[in-house]
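A.B. asks: Dropping the structure in here first, questions after.
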Amino acid sequence: VAEVQQPEHPAKESRDDSKRKRDEEKESRRKKRRREDDREDKKEALRWLIPNIRVRVVSRKVGKQQHYKQKAVILDVTHRGKEATLQMADGQILDGIPERYLETAIPKAGGNVIVTMGNDKHAKGKLLERDTSSGK
């Protein structure tokens, strides 16, 4: 005759199940957070703002249009690389300017440059020549 073993403590078994469910939920949240962090890291890797580079304001929204197409130097980068503090050519300080309102200002041939994206990010060099066929 085969005996069927009954659990000695049914309450203990349900506690084990609820603990296992909590652990699975906790692990699921941890994995989701890790995926979100990875996405943010990838976005941050695409950010090109670097302190001490010259940029041009390409939005009329900055400073009531008075700074449109003017050059500035980035003093500080904030909000995980999304915004910059600028010093305009006239000495005025602008804070919290979004990356999308700026573009890099390319120097004349022989000027100093910094790589802003890719594996060589932050590498320094000299501009040998500019491509004049694009009209810039």
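Here, each number is a calculation from the coordinates, and none is a lab measurement. Note that this is a predicted model, so its numbers are computed, not measured.
A.B. asks: Could you list which residues have their amide H under 5 Å from that of Asp76, counting only those 5 or more apart in sequence or on another chain, with H placed in the peptide plane?
C.D. replies: Under 5 Å from the amide H of Asp76: Thr85.
A.B. asks: Any of Lys69/Lys121; Lys61/Lys82; Lys64/Lys108 with alpha carbons more than 18 Å apart? Name them for me.
C.D. replies: Check vs 18 Å cut-off fails for Lys69/Lys121; Lys64/Lys108.
A.B. asks: Taking amide hydrogens as modeled 1.01 Å from N in the peptide plane, which residues meet the under 5 Å criterion relative to Leu102, leaving out close sequence neighbours?
C.D. replies: Correct list: Val58.
A.B. asks: Under Stokes-Einstein, with the Kirkwood radius over Cα pairs standing in for Rh, what whole-number D in µm²/s applies to region 54-135 at 37 °C and 0.692 mPa s?
C.D. replies: 238 µm²/s
A.B. asks: Sticking with this one: If you plug each phi of region 99-113 into the Karplus form 6.51 cos²θ - 1.76 cosθ + 1.60 with θ = phi - 60°, what whole-Hz ³J(HN,Hα) values come out, in order, with x for Gly and Pro?
C.D. replies: 4, 5, 8, 10, 9, 5, 9, 7, x, 5, 4, x, x, 6, 9
A.B. asks: Using each residue's phi in region 116-128, evaluate 6.51 cos²θ - 1.76 cosθ + 1.60 at θ = phi - 60° and report the 3J(HN,Hα) Karplus result to the nearest Hz, with x for Gly and Pro.
C.D. replies: 9, 8, x, 5, 9, 3, 6, 6, 9, x, 10, 7, 7
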